[in-house]
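Nothing in this text is a laboratory measurement; each read-out follows from the coordinates by a stated rule. Note that the structure is predicted; figures quoted are calculated from it, not measured. Quick reminder, even Gly has a Cβ in these numbers, built from the backbone with ideal geometry, and neighbours come from all protein chains shown.
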Amino acid sequence: MTGWQNNRAARDERIAAGAGFGHGKVVQARDATRLLEAVIRPGDRVCLEGDNQKQADLLSRALLAVDISRVNDLHMVQSGVVLSEHLDLFDRGVAKRLDYAYSGPQSARIARMLFGGKIELGAVHTYLELFARYFIDLTPHVALVAAVSADREGNLYTGPNTEDTPTVVEATAFKDGVVIAQVNEIVETVPRVDIPADRVHFIVKADQPFFVEPLFTRDPAAITEGQVLTAMLAIKGIYAPYGVQRLNHGIGFSTAAIELLLPTFGERLGLKGRIATHFALNPHPALIPAIESGWVRQIHSFGSEVGMDDYIRARSDVYFTGPDGSLRSNRAFCQAAGLYACDMFIGSTLQIDLQGNSSTVTTSRIAGFGGAPNMGADARGRRHPSVPWLKAGAEADPDGAALLRRGRKLVVQIGETFGDKNVPLFVENLDAMELAEKLNLELAPIMIYGDDVTHIVTEEGVANLLLCRTAQEREQAIRGVAGYTEVGRRRDHGMVERLRERGVIRRPEDLGINVLDADRSLLAARSIKDLVRWSGGLYAPPSKFRNW
Amino acid sequence: MTAPLRDMTPAERARSTSFYEASARTRLELLLDAGSLIEFIGPEQREVSPHLRIFDLPEQFDDGIIVGHGRLDGSPAFVAAQEGRFMGGAFGEVHGAKLTGLLRAAREIGTIPVLILFDTGGVRLQEANAGELAIAEIMRAVMEARAAGVKVIGLVGGRSGCYGGGGLIAGCCSALAVSEFGRIAVSGPEVIETNRGVEEFDSRDRALVWRTMGGKHRRLLGAADLFADDSVQDFREAALELIGLVGPFGLDGLKAEQERLADRLRRFGACLDAVEIWTISGIAHAETIPELPTDQFIALADRIGRTSRDAR
């Protein structure tokens, strides 16, 4: 029989099959596995909500426990592969195929499983790209999501870590899929409705709150003087001359150092109000001193951060909050904001090659992309002008007609020439290339393509790639800030000196920065406790970051 | 915004420099009267560890400890400072011998106090036998120096804390000053967790680590005599105060110390958490101790009054 509402009928059958396990929509945690066995069909596309922060951990364990004669060969479509259960699904045969975006803590195991053929890989995406595919060709049949609380009708309060939930539910519920939510508690009235009840089919009360990783907390005590120096170079060499007001920061210590130098070094340069006023950024604790000093006007966030809830609630002029007062984050919207409404991305990476391509993949680890490629890419669809965007565009194409010339997003890679464990940041060939060959991938996993990168900042100076006119100049500009790495030592000294005369490379002294001034005493906060003090006691850091 | 360093007086620098963050050299430079430090067996002599090269590990020309003499408020003092950023300040053969030698010199002279700026995770695994022997020699040297009339003051406030053999040596000192960041113990958190399980001690619960081994708890227990705020100047003032406070060393003092420790074990031996100890000690809202600002904490600790001044 052909029809036009087969999917809806199938969805209703699934819901009916699961209806026996609870009262109304509410299902007990102990029945979660039986519910999943009733609702999920072999080969289904399933989104098991795993973001880079919050995790539907109870539903992960429940899915792992299914009878694999009933549920098998699933196609997992989820942004984060973070819990060990996410990969255990493939070991057990519950799942077969995977499309994802980020796999931070599981990066080594996922690499081993890909080499071992345990996982059939669709692709590694950026967040925005995977979300987009939810609406085109990777629409989930079943979504397993996490929320803080639900009422009996199924209205969900996701709390500050809303993250991916609205996007996942939108794609699933409006295309005849089934939405199952794990919640920390069932309440009479939810503090605010993040997901309306008619998009939620089952609620499972978890015995423990869902897991949230404090991924964006950088202890100021671990910031090095090298990172203080690169932060000074970035502020004086890039933020100031371009007047960058709208931006996104990566999560590394280099950008945490920048955040902590705004109220000290930045203030001394008279930059307050002229730079770093509007952010697409998670609630980084390291930004508290800049916020408290009146630098930051507005922040939209992908997710939240453990310990920041009370601070955010008390600073609603800065953050996006709901009628209940708590943060409302949204990864998809914030990624779009970072792509289209920010003039700069600055972040660190693990490897940069001679063309400026960068990657966080090593031959034994596949960490995925997360959001960096969306943040760190020129948005070709952008049409609104801004001072930094136009200035960067003019530097790249000084002879083009101003009215027809695209602007350029500033995409800055920042790091010390030798990173963690003295591994060089600059390489002739990325490990990602070797990995692509070993896995027979059609594309090497490049985090940020060289043609999007506009600046590289190291302790040796700032390289402005927009001003390079040939591939050879570009290579020498990169070698010229690569310090004593193999790549740096193979520079053409004459050419590097000429690039410096043209301002393509600027050394600390060219920017009026004395390297000896790069001292930790410049940091507005030097410890987590300092951050607590700056926040007036509103920031409550997780225990693992305390030293008192 | 901190002013450029060159425009500041030594006292201002000592006041604005975090002891926790400073290197061993900076600590000594600012702790002692300006320009008074004279180092023994300095890095120019390159007395490096004979063991580390076997493991292809980097050496440090002073083997991670500075020993010397200088002046504190005009009076002579012997000093030793461990560099917590080199191998976690751990004791090796040369490192230990330098401290032993300093203490023996102090014993010979008999009147000049010794300041030990601890910053150590204990004994270096790569030279464990030599390191363990060094700990024993140092403990003996501390006791012999004290018996000869020398005041041996320990200052604890570095990143690596004061662990392992360092904790044992600290226990032998005439008096200790500790900051909030300072930790004093023998077995470290990870060691306890490894041997006794995470249920016994979760080393990643840093609030637990600090309220069990940290400066505030050590001060309230009487294991440390003074609580210092984190600047080098605070430690300088604490050192001066302790030199003034330490009384004569003898059998009576040791007996009193034994009684103090036995009493501590009787009163608190069954407690499962430091908060219980603080509560039994009569501190209201004991759970707020970790959050208490320094000045309020010092007032509280002085009121509780437990100190080993009559003991040790």
Inset, instruction - Estimate the FRET efficiency between residue A:187 and residue A:23 by the formula 1/(1 + (r/R0)^6), using the beta-carbon distance for r and 22 Å for R0, to the nearest 0.05. - result: 0.90
Inset, instruction - Give the percent of DSSP beta bridges with both residues in chain B that are antiparallel, rounded to the nearest 5. - result: 40
Legend entry - Test item: Cα-centred dipole of chain B, Lys/Arg +1 and Asp/Glu -1 on Cβ, debye: 560
Inset, instruction - Please find the FRET efficiency linking residue B:104 to residue A:421, where r is the Cβ-Cβ separation and R0 is fixed at 51 Å, and quote it to the nearest 0.05. - result: 0.80
Inset, instruction - Mind computing the radius of gyration and Dmax over the alpha-carbon atoms of segment A:220-263? Å is fine for both. - result: 10.1, 30
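Mind sorting B:162, B:172 by how few other Cβ atoms lie within 10 Å of their own Cβ, fewest first? Mind dumping the intermediate values first?
On the way: B:162 35, B:172 17.
If I rank by nearby Cβ atoms, fewest first, I get B:172, B:162.
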Inset, instruction - Would you calculate the separation in nanometres between label points at residue A:135 and residue B:266, each defined as 7 Å from the Cα along the Cα-to-beta-carbon direction? - result: 7.6
Legend entry - Distance (nanometres) between label positions extended 7 Å along Cα→Cβ at residue A:293 and residue B:73: 3.6
Inset, instruction - List the chymotrypsin sites (Phe, Trp or Tyr not before Pro) within segment A:31-137 that fall in a DSSP loop (any state other than H, G, I, E or B) and whose Cβ has at most 14 other Cβ atoms within 10 Å. - result: A:135
Inset, instruction - Would you kindly state how much longer the chain becomes between residue A:310 and residue A:108 on full extension, computed as 0.36 nm times their sequence separation minus their alpha carbon distance, in nm to one decimal? - result: 69.2 nm
Legend entry - Proportion of all alpha-carbon pairs of segment A:16-212 beyond 25 Å (%): 27
Legend entry - Peptide A:536-546, shielding by other chains (average Cβ, 10 Å cutoff): 3
Legend entry - Relative contact order (%) - segment A:337-416, alpha-carbon pairs under 8 angstrom, separation at least six: 41
Legend entry - residue B:231 long-range amide H proximity, modeled H, under 5 Å: B:19
Inset, instruction - Only Cα pairs under 8 Å and at least 6 apart count here; give the relative contact order of chain A as a rounded whole percent. - result: 14
Inset, instruction - Grab the DSSP H runs of chain B that are 4 residues or longer, score each as -39,500 (n - 2.57), total them, divide by all residues and round the 222 nm result to the nearest 500 deg cm²/dmol. - result: -13000 deg cm²/dmol
Inset, instruction - Provide the percentage of antiparallel DSSP beta bridges, counting only those with both residues in chain A; round to the nearest 5. - result: 30
Inset, instruction - Before anything else, pin down the relative contact order of segment B:39-98: Cα pairs under 8 Å, at least 6 apart, normalised by residue count, whole percent. - result: 33
Legend entry - Contour minus Cα-Cα distance for residue A:208 and residue A:495 (0.36 nm per residue): 97.2 nm
Inset, instruction - May I ask for the net charge around residue A:422, where only other residues with Cβ less than 13 Å from the Cβ of residue A:422 are counted and Lys, Arg are +1 while Asp, Glu are -1? - result: -2
Inset, instruction - Apply 1/(1 + (r/R0)^6) to the Cβ-Cβ distance of residue A:152 and residue A:543, taking R0 = 35 Å, and write down the FRET efficiency to the nearest 0.05. - result: 0.50
Inset, instruction - For residue B:65, list long-range residues whose amide hydrogen, built 1.01 Å from N in the peptide plane, is under 5 Å from its own amide hydrogen. - result: B:83
Legend entry - Helix-only mean residue ellipticity at 222 nm for chain A, each DSSP H run of n ≥ 4 adding -39500 (n - 2.57), per residue, nearest 500: -7500 deg cm²/dmol
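Rg to Rh ratio, the protein assembly as shown, alpha-carbon atoms and Kirkwood radius?
Using Cα coordinates only, the ratio equals 1.01.
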Inset, instruction - Let me know the Rg and Dmax you get for segment A:220-530 when you use only its Cα atoms, in Å. - result: 18.9, 62
